[in-house]
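Everything below concerns the one structure shown next.
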Amino acid sequence: MTTIQQYLTVFFISMVPLVELRGAIPFAYGFKAANPEFNLLLGYVLIAIGNMIPVPIIFFFARKVLEWGADKPVIGRFFTFCLEKGHKGGEKLQSKAGRGLFVALMLFVGIPLPGTGAWTGTLAASILDMKFKDSIIAVICGVALAGVIVGVICTLGFGAWLGITG
């Protein structure tokens, strides 16, 4: 695989829901270990951009699609479930966070756990009727935080692996 293909791979992996940046960064570290020409900093930039590309689309359209599909025969129950879950979770988050909703959203996106990330955080911000600018800034900060956390974990993990295998 060429270096350009490796960059494109991590870029597109970072756009996949649930995988996002958390899955793309380990690939970047693997590519770096196998290919000294792979620039990890450029990989990080591409991963962050790829992770953020879907965010405005999710913010402006996901809620509308869920509301549109809530009364449809095949998908209605699932879409209604997603909306109700989002409303309940959003209200719960808002009642606990209060004025700290920005920080809560940033931490939600930034803590690399299953089910968190830019996709889910943006959908929650949309359901909570957060301002677009605040939502985007919180998600960008969260993506940066997640990148640092996953990067540290990968550095420690790959460093140990390379130390063991030589």
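The values are calculated or read from the model by the stated rules, or taken from the named source; none is laboratory data. All values reported here derive from a predicted model rather than from experimental measurement. Reconstructed Cβ throughout: ideal geometry from the backbone, glycine too, with neighbour counts over all protein chains shown. When the accessible area is computed, the model is the full protein with side chains, heavy atoms only, and any ligands, DNA or RNA have been set aside. Shrake-Rupley method; radii C 1.70, N 1.55, O 1.52, S 1.80 Å.
Computed quantities for the displayed model
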| item | result |
| --- | --- |
| Pairs where the first residue, in the stretch 96-115, is over 14 Å from Ser135 (Cα atoms) and the second is basic (Lys, Arg), C-beta under 7 Å, 6+ apart | Pro112/Arg22 |
| Counted residues, the stretch 116-135 - those being open to solvent by 30 Å² or more (accessible area, probe 1.4 Å) and touching a residue at least 12 places away in the same chain (Cβ under 8 Å) | 5 |
| Considering residues of the stretch 56-78 that are without any contact (Cβ under 8 Å) to a residue 60 or more places away in the chain and under 21 Å from the mean Cα position of the chain (by Cα) only, the residue least open to solvent (accessible area, probe 1.4 Å) | Leu66 |
| Condition met for Val65 (hydrophobic (A, V, I, L, M, F, W, C), within 30 Å of Tyr29 (Cα to Cα) and assigned to a helix (DSSP H, G or I)) | no |
| Complete set of residues in the stretch 68-120 that are assigned to a loop (DSSP other than H, G, I, E, B) and of a type in the set (A, V, I, L, M) | Ala70, Val74, Ile75, Ile111, Leu113 |
| Residue satisfying condition, being within 20 Å of the chain's Cα centre (by Cα) and over 30 Å from Tyr29 (Cα atoms), within set Lys92, Lys88, Lys96, Lys131 | Lys131 |
| Counted residues, the stretch 13-40 - those being closer than 21 Å to Gly117 by Cα and exposed (fewer than 13 other Cβ atoms within 10 Å of the Cβ) | 2 |
| Members of the stretch 136-146 that are small (Gly, Ala, Ser) and surrounded by fewer than 21 Cβ atoms within 10 Å (Cβ to Cβ) | Ala144 |
